[in-house]
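This structure is in structure tokens; I'll ask about it shortly.
The values are calculated or read from the model by the stated rules, or taken from the named source; none is laboratory data. The structure presented is a predicted model; accordingly, all values stated were derived computationally and were not measured. When we count neighbours, we look across all protein chains shown, and the Cβ atoms used for this are built from the backbone with ideal geometry, even at glycine. We work out accessible area using only protein heavy atoms, side chains counted, and drop any ligands, DNA or RNA first. Shrake-Rupley method; radii C 1.70, N 1.55, O 1.52, S 1.80 Å.
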Amino acid sequence: MSLLRLVIGVPAFGGGAAISSCRGFGRRLEQRLFSLSLPARPLHPEAMHPGLRRESGVIYRDFSNAVRSWKGGAILRQAGMQSRFAAEAERWVQQAFSEPSPPPVPSATNESANGTALVAPTTSCVAQLYSYLMTRIDARPDSFLSLPEDALSPRGDTLGEVAGPVLLSGGDRNAAMLDQVVANHARFARAHGYAHWWHKGSLVAARGWQPYWHKVEQLRLATRRFRNASAFVWVDDDIVLTNLRDGDRFAQALQRSPASLLVTRDPSSKHAEVNTGIIILRNTKRGRAVLEALWSRADQWRADGVSLSTDGQASCLHEQQALEEMLQSGEWASEIGVLEQRAPGAWNLNTFLRWSHYDAEREADRRYEEDSRAGAWAHGDFAGHCSGLSQLRRAMCMGALLGNVVVA
């Protein structure tokens, strides 16, 4: 019996057993899933055997459409409805596609500083389906590079001739909705003349480093590939660009600060001062020097014994912590700009959509009551960040944001 079967109580490869709580759409999707002999590792439907390609793609599409169709997207269009959104999200996690489940119950042994811990009594139908689906279907597109039309050249040195900005993203985690988020980034890049480089996987995995450092390595490689680019913009793969109507906020950020590297504040000052979900780097000598200094801190010896490159999140905040320490040093403080997530004059960048919940995958409370209100995403904001959520909730968040993209 496989580990997957032990965890979710269903055969790992086909069979007719059903997840007991699934009903209606969930039960039908479950039966379609387990009627297929899907591979034991995640594969993109296009990489599957022709006999599986169409049906697996249809199943993933149907599940993604269901995730995008929950009520959260409509609630977000109404001002001041964050509490209702969070309540509806948790109701959907517990009850979607299934018989109603008991509400989360207080934990007698795991008290949170911000209130009573929430512990889900059972794993819901939608959570089990999501877990199974993401162990079989890879939603990430293959790596690609798209260039603006005016960068194409018959002389061959195309990348070196890119003189405008470059949008970067990538990662090694597989998540539902990720294909649509990458398409959202691509749409922005086309509209504003950005080259767009998406990388599937981790560029630091061979070093044994935590994947958080992938963004820094991809930025470093970009400075070498695009020698004449004006700037580089890293965007995490759980960020949706939600306002495609009101201009290029990244370009506006470069006008707001003369610093070589720009980030925003983190909504939870309790844990971090800066957030690296969006990094904007000027392609200048000083900009590249800041990036190399950040990279050098990954495996630098430290008196506290922490390895920013290999230790887990319980010990450090990796590239985010390295950048904060650079800010505190006299040498680099003037080269790093920390932008407010929201400021007078309709300015906003990297605002967060997240809510408190119990993360069964990590067996931990996720508490966000103390997040800055200015850092909370609102309809019309430029970019919404689905950080700090369980895998299913991250997909729900991205789906809700994708349904709230403002276009011309």
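Taking amide H atoms as placed 1.01 Å from N in the peptide plane, list the residues 5 or more away in sequence, or in a different chain, whose amide H sits under 5 Å from that of Leu203.
For Leu203, no residues qualify.
May I ask you to order 303-309, 371-377 by the average number of other C-beta atoms within 10 Å around their residues, highest value first? Don't skip to the end; give the middle numbers.
Numbers: 303-309: 13.4, 371-377: 18.0.
The densest-packed peptide leads the list: 371-377, 303-309.
While we're here: As a test of the formula, what do you get for the chain when each DSSP H run with n ≥ 4 contributes -39,500 (n - 2.57) and the sum is divided by the residue count, at 222 nm and rounded to the nearest 500 deg cm²/dmol?
Details: 13 runs with 138 residues, N = 408.
So the calculated ellipticity at 222 nm is -10000 deg cm²/dmol.
Taking the Cα centre as origin and putting +1 on Lys and Arg beta-carbons and -1 on Asp and Glu beta-carbons, what dipole magnitude results for the range 314-408, to the nearest 20 debye?
So the magnitude is around 500 debye.
Just round it to a whole percent: the fraction of Cα-Cα distances in the range 276-408 exceeding 22 Å.
Details: 4595 of 8778 pairs.
So the pairs more than 22 Å apart make up 52 percent of the total in the range 276-408.
For the chain, compute Rg over Rh where Rg is the Cα radius of gyration and Rh is the Kirkwood radius from the inverse mean 1/r over Cα pairs. List each step's numbers first, then the result.
On the way: Rg = 21.8 Å, Rh = 22.5 Å.
With Rg and the Kirkwood Rh in hand, the quotient comes to 0.97.
Right, another one. Ignoring ligands, DNA and RNA, what accessible area per residue does the chain give at 1.4 Å, in Å²?
Details: 17900 Å² over 408 residues.
Accessible area per residue, the chain: 44 Å².
Based solely on C-alpha atoms, express the radius of gyration and the Dmax of the range 283-360 in angstrom.
Spelled out, the Cα radius of gyration and Dmax of the range 283-360 are 15.9, 46 Å.
Would you pull out the residues with amide H under 5 Å of Val406's amide H, same chain only if 5 or more places away, H placed 1.01 Å from N?
Asn243, Leu244
For the chain, can you list the cysteines whose C-beta has no other cysteine C-beta under 4.7 Å from it?
Cys with no partner Cβ under 4.7 Å: Cys316.
For the chain, what % of the accessible area comes from carbon and sulfur atoms, probe 1.4 Å?
Working: 8970 of 17900 Å².
In the chain, the share of accessible area belonging to carbon and sulfur is 50 percent.
Please return the longest range in the chain lying between exposed loop sites, taking GluC sites (Glu not before Pro), DSSP loop only, at most 14 other beta-carbon atoms within 10 Å, and leaving the sites out.
Numbers: sites that count: Glu111, Glu331, Glu361, Glu363, Glu369, Glu370.
Maximal segment without exposed cleavage sites: 112-330.
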